[in-house]
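To keep things clear, I will list the structure first and then write my remarks on it.
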Amino acid sequence: MKVPVTWLREYVETAASAHELARRLSISATEVERVIDAGVPDVDGNLGHFVVGRVLAAEAHPNADRLQLCQVDVGNPDPQQIVCGAWNFGVGATVAVGLPGARLPGFPGPLEERLLRGEVSRGMILAEDEVGLGPDHSGIMLLSDGLEPGTPLGDVLPLVDQVLDVTPTMNRPDLLSMVGIAREAAALCDGGLRLPDPEEPSATGAEPVEVAVEDFGGCPRYIGRGFRNVRVGPSPQWLRARLHLAGMRSISNVVDVTNYVMHVWGSPLHAFDRSKLAGGRIVVRRARPGETLRTLDGTVRELVPGDLLITDGERAVALAAIMGGLDSEVSEQTTEVLLEAANFEPIGILRTSERLSLRTEGSNRWEKGVDPYAAAPAAALASRMLVDLAGAEPAGSVDVNDGLPKRPVVTLRPERASALIGLDVPADEQRAILERLDFVVDDGWRVTVPTFRARDVTREIDVVEEVARVVLDRVPLTMPLRRAVAGHLTPEQLFRRSLEDVLVGAGFSEAYTWSLTPSDPDPSALRLPDPMSGEHAVLRTTLRHGLVEAARVNVDAGNEPIRLFELARVYLPSGEQLPRERWRLGGITEGGFAAARGAVEAIYEASHLPLDVRRITLGHLHPGKAAETDAGWLGELHPTLLEGAWGVFELDVADLMAPLPERILYEDVITFPAVRQDVAVAVDEEVEAGAIVAVVHEAGGAELREARVFDVYHGEQVGEGRKSVALHLVFQAPDRTLTDEEAAAVRDRIVAALAERFGAELRA
Amino acid sequence: MDVEALEQAALAAVAAASSTDAIEAVRVEYLGRKSELKLALREVRDRETGITLNAARERIEGAVGAREAELERAELDRRLAEESVDVTLPVGGHERGHLHLITQIRREVEDVFLGLGYRVVDGREVETTRYNFDGLNFPPGHPARSPLATLFLDEDTLLRTETSPSQVRTMEAQQPPVYIVSLGRVYRRDTPDATHTPVFHQVEGLAVDEGITLGDLTGTLDFLLKALFGAERRTEFRTHYFPFTEPSIEAYVSCHVCDGAGCAVCRHSGWIEVGGAGMVDPKLYEFVGYDSERYSGFAFGWGLERIAMLRHEFPDLRELWRNDLRFARQF
């Protein structure tokens, strides 16, 4: 909401500058996004160059058809000759004049006395857009006739202004009003508050205004006021200027009054052309099936039961709290007005406005909850302004309500407030803070909440917040006084960090990919019923899709080497409300199967886990290069998924971690030396290294410490369909030095077992 | 034989030797088994001559040894000089990967709080409306409950919109004192653009104990902000509103780029908004069965991406999800 500061100062008297106000408000009341400088530059006495003028003479410029030559009284003994291009005025008009030397917003230099088509022009008669008071450039500004020529223009129009751009939180709809901001400003800057309190115009007639509310739940209060002999026309310049600075468009005096008063009191109003209401009555009710309404923006709205309507007893004339109907709109022909100053409950308004995608200044306030008490002063101010600005004659008024809500009463313990805040705020100061914010505090610390805060402040803690926010910049920075600490990562959290570090050390960079994917290999994967897009529709059960896409991004970018991993969750359907969320470690790397295998070996080795790899078949992997471990799979990505030879793997972190020993026990590998031997055996091509090593371990028994394949050789000496597998063997006993005979015996056992199981021939 | 002349000749030869080979030849000639001196020593019969010869031998041996060491050192120096390489030439071969920027910040934040004695709680991403909204005091009709804002799996199940459900789950599972942080992915129905992605990361902090104050919250956040943005930063706290905290505040840190003077990063305000926080609302204690008269506490929930963007000044959040190595390798 935009808060012009000159307007604000009408309601609050304070020496604080706009920036000081903004700062106090932003710490203790509402975010102030910025302070906007508006109007003409307030430098070097610039304001002295703007005065009220009266046109004494106006005639056609002798040398130019489209210009007027004016003599303007600007308060000096001699009139000022000014050439003007506008024609919306005549002799006697009261106008705004910029004298030579005046600086206008957006003009490079000051105004100068100069010749225009041979006639001297000493200044400029101003249009509203030339001084930042409005968008209009169709004519010059016409001021009220009573003003003395020579009066400083700044006394009449907000010629220089600053505008606070405030964004109150959703619990503070009371701050979507000038009055609300003024109350806070007065409380926070110790200023005097002067809320608008106009003299109510007395009704000339007492004709009844008939209002029936069928749904007090949706509309707890409806003030209707009738006006006759309304003269619809343009608004005076000061009103146009204020609306402009407040970010609203001037439409006509009647509509402008409703918008202006909404801005003042935060309670939206609506004006109907009363002659367009059948029978001139108002019925507030819920929509019926099939009902429609053409709203002010010209759109025909299809209504559903539950939408709250203002009707004239026969048909809908407004979508309550959101937008008026086109047919009953106030127009230039309107002479009878029905002013609505009502109150609507938030529930349901958001639903209707979301369904229709129709948000307005009004609905934005109603959906947060507006004080029902604000309707009365809003009606009073609007009535006064309709009388003063549109010559309206009040003709009856009604206030229909089901009883206005009581003000909440909450007991505050000031010592509790100090304890929670962590700052000793003396009880007297707490009382003063609350009273300045319009709370009433009795001797027993029963605190009565003002009506405009009744929805938000209902408990002691809410009152504590009122104190806390005012003293917020005095709260000391402390740390909790601890009696116990337990700061540590769990074993799984530590393990995840170590997995990340291992892969980073192995040259892999970490990727983050979406949890939501276009599709998933698991047909039972959880699917969003209403996804944002087809790209983000299914909760993944594998990291693979994201990693392949991440690799593709890097291929396209020409990056190398490409090695990526991700440590994140997958979401496995569980048959219950919530899926099983499992941490997975996935990777993709150039270099095909071997590179994937290398990464998996590094992971297992760093985790002190034996790696047991078995051949499997998986649809997304190369049929000859696919394997599983106890914790997941690895292999070469099927080339149809991404061009090139890509190693991929995915391990379940909990499964990987399950066999981790709690602690590692020392084995004596130092005292007694090891015997190292290499053997090579020839076996059939299809015998896998893993199977050979398994048999070696089985046959080797306790004295075989290590067996590792270090070479596989194909060649003529080995024969067709055969291969030579070279193994490095380490024999060692923890309690003695093995003799050569003992080592040879173990080796013989191993060779014999390989011969028996695989028909292996010893080659060396 | 003339010992003195022999010694003179030997010392002259030592001095003339210009390589280790040459000195070896000198050694053989004057000290070898067949050298004149050795032969003479073998023949010696009287003590006087023996002493003279041995003294000469020792002097020659000393001279040969010293010259040999000198020459060896000179040859080593020469060889090392020849082995000089271009030390500015990179060799590569041990390329490390890079942790994702968000992981780095995540660890930084975790370590700050581990140091303060907090535990790290993992939480879960698919949540029930009970934990994501009801337990956090979101009123019915709150905009976050709308499917326009939140990704639902069904009426009661959704992708968590903040890390706060882990607060409720933690409090349900244990009595105070509670000191935890919880970091992870959260989800909102936001169309991706430079400053929004539908998935992002939050850090949630929760402390509930006897005597926890608003000052403890601002003090803790001040500590965290200085750890993240520099010890010389200033912090400021402004009133705010969240359904799950009362009072609620928003934390600001003085701009690390201009130090408060005003620049594009802080939008010329000198301050940067970092995230929300507040004192845990008593409604939450009611929900989990804590005694709100005995215990008080604070909570905060901040976006890690926002911290990353502010600190490293990259313009588009989506880069964090594109995984282009040219981006990742910078951090």
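The values are calculated or read from the model by the stated rules, or taken from the named source; none is laboratory data. Source: prediction; values computed, not measured. FYI the Cβ positions are ideal-geometry reconstructions off the backbone, even for glycines, and counts take in every protein chain you see.
Is it the case that the stretch A:202-218 has a residue that's in a loop (DSSP other than H, G, I, E, B) and within 31 Å of the chain's Cα centre (by Cα)? The answer is yes; a qualifying residue exists.
Checking every residue in the stretch B:244-251 against the condition of being hydrophobic (A, V, I, L, M, F, W, C), more than 10 Å from chain A (Cβ to nearest Cβ) and closer than 28 Å to residue B:100 by Cα gives at least one match. Which residues, taken from the stretch A:749-764, are under 11 Å from residue A:696 (Cα atoms) and surrounded by fewer than 14 Cβ atoms within 10 Å (Cβ to Cβ)? Within the stretch A:749-764, A:752 is the sole residue that qualifies. Contact annotation: residue pairs with Cβ atoms under 7 Å, 6 or more positions apart or on different chains, pairing a residue in the stretch A:442-463 that is modelled with pLDDT under 95 with a partner that is surrounded by 20 or more Cβ atoms within 10 Å (Cβ to Cβ) and assigned to a helix (DSSP H, G or I), are A:456/A:462.
I want to confirm something. Restricting to the stretch B:293-306 and keeping residues that are away from chain A (no Cβ under 11 Å) and assigned to a strand (DSSP E or B), which single residue is farthest from residue A:468 (Cα to Cα)? Within the stretch B:293-306, the match that is farthest from residue A:468 (Cα to Cα) is B:303. Residue B:326 meets each of the listed conditions (1) away from every other protein chain (no Cβ under 11 Å); (2) in a helix (DSSP H, G or I); (3) surrounded by fewer than 16 Cβ atoms within 10 Å (Cβ to Cβ); (4) not polar (S, T, N, Q) apart from (1). Restricted to strands (runs of 3 or more DSSP E) entirely inside the stretch A:645-764, those with at least 1 residues that are hydroxyl-bearing (Ser, Thr, Tyr) are A:704-713, A:722-731. Picking from residues in the stretch A:261-295 that are more than 29 Å from the chain's Cα centre (by Cα) and in a loop (DSSP other than H, G, I, E, B), the one that is surrounded by the fewest Cβ atoms within 10 Å (Cβ to Cβ) is A:289. Residue count for the stretch A:491-512 under the criterion of being among the hydroxyl-bearing types (Ser, Thr, Tyr) and either modelled with pLDDT under 95 or over 16 Å from residue A:653 (Cα atoms) (or both): the result is 2.
Go through the stretch A:341-393 and tell me which helices (runs of 4 or more DSSP H), entirely inside it, have 1 or more residues that are closer than 28 Å to residue A:234 by Cβ and within 34 Å of the chain's Cα centre (by Cα). Please lay out each step first, then the result.
Values: elements: A:349-355, A:361-366, A:375-390.
So the answer is A:361-366, A:375-390.
Counting just the residues of the stretch B:135-160 that are more than 10 Å from chain A (Cβ to nearest Cβ) and modelled with pLDDT of 95 or more, which one comes out farthest from residue A:574 (Cα to Cα)? It comes out as B:150.
Quick check on my filter: what residues within the stretch B:259-292 are acidic (Asp, Glu), within 11 Å of chain A (Cβ to nearest Cβ) and in a loop (DSSP other than H, G, I, E, B)? B:281 - this is the single residue of the stretch B:259-292 that is acidic (Asp, Glu), within 11 Å of chain A (Cβ to nearest Cβ) and in a loop (DSSP other than H, G, I, E, B). Pairs linking a residue in the stretch B:246-261 that is assigned by TED's automatic domain parsing to the domain that holds residue B:298 to a residue that is among the aromatic types (Phe, Trp, Tyr) and surrounded by fewer than 24 Cβ atoms within 10 Å (Cβ to Cβ), with Cβ atoms under 6 Å and 6 or more positions apart or on different chains, are B:248/B:241; B:249/B:237; B:251/B:237; B:252/B:271; B:253/B:229; B:256/B:229. The set of residues from the stretch A:9-38 being over 25 Å from residue B:270 (Cα atoms) and either within 12 Å of chain B (Cβ to nearest Cβ) or buried (at least 22 other Cβ atoms within 10 Å of the Cβ) (or both) comprises just one member, A:12. You will find that of A:411, A:360, the residue that is at pLDDT below 95 and surrounded by fewer than 19 Cβ atoms within 10 Å (Cβ to Cβ) is A:360 and no other. Scanning the stretch B:222-243 for residues that are more than 7 Å from every other protein chain (Cβ to nearest Cβ) and within 20 Å of residue A:23 (Cβ to Cβ) returns B:225, B:233, B:234, B:235, B:236. Please report, ordered by residue number, the helices (runs of 4 or more DSSP H) entirely within the stretch A:419-532 with at least 1 residues that are within 7 Å of another protein chain (Cβ to nearest Cβ) and buried (at least 21 other Cβ atoms within 10 Å of the Cβ). Correct list: A:460-470, A:491-505. Consider the stretch B:188-209 and keep the residues that are at the interface with chain A (Cβ under 8 Å from one of its Cβ atoms) and not basic (Lys, Arg). The one that is surrounded by the most Cβ atoms within 10 Å (Cβ to Cβ) is B:207.
Scanning the stretch A:319-352 for residues that are within 28 Å of residue B:144 (Cα to Cα), of a type in the set (A, V, I, L, M, F, W, C) and surrounded by 22 or more Cβ atoms within 10 Å (Cβ to Cβ) gives A:319, A:320, A:321, A:322, A:323, A:342, A:344, A:349. Residues of the stretch A:533-551 being farther than 19 Å from residue B:159 by Cα and either surrounded by fewer than 16 Cβ atoms within 10 Å (Cβ to Cβ) or within 9 Å of another protein chain (Cβ to nearest Cβ) (or both), which ones? Result: A:547, A:549, A:550, A:551.
Kindly establish whether residue A:568 is among the small types (Gly, Ala, Ser), over 16 Å from residue A:647 (Cβ atoms) and in the same structural domain as residue A:497 (by TED's automatic domain parsing). Spell out the reasoning first.
On the way: among the small types (Gly, Ala, Ser): yes; over 16 Å from residue A:647 (Cβ atoms): yes; in the same structural domain as residue A:497 (by TED's automatic domain parsing): yes.
So residue A:568 fits the description; yes.
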